Amino acid sequence: MKHFRKPLVLVVIGFTGLLFSAGCVSQIARSEMTRRNEAEFKKGKITPAQYRKQRDEIDRNLK
């Protein structure tokens, strides 16, 4: 049983690392999309309604 445990622990650690990495990438993407949306809104390129719609889409897509 000890021979089986070590690879299983490594698989669990690897899977946890993969999930953590995916979460980091998702957070970075969300931050960048939000930053661009806010910049366009401040420059007057989009209306407040468009800003809210895009913000809601970002939140919905990256949950």
Practice problem: Could you rank the peptides 9-22, 34-47 by their average count of other C-beta atoms within 10 Å per residue, with the highest value first? | Solution: 34-47, 9-22
Quiz prompt | Folded to 0 to 90 degrees: helix 48-61 orientation relative to the chain principal axis, Cα | solution = 10 degrees
Quiz item: Can you count the Lys pairs in the chain with C-alpha separation below 18 Å, eight or more apart or on different chains?
Solution: 4
Quiz item: Working out 0.36 nm times the residue gap between R55 and V25, then minus their Cα-Cα distance, what length gain in nm do you get to one decimal?
Solution: 9.0 nm
Self-check item: Over the chain, volume per residue of the alpha carbon convex hull, in Å³
Solution: 54 Å³
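Coordinate-derived values only; no laboratory data. Here the structure is a predicted model, which is why all the values come from computation and not from measurement. Note: ideal-geometry Cβ built from the backbone for every residue, glycine included; neighbour counts use all protein chains shown.
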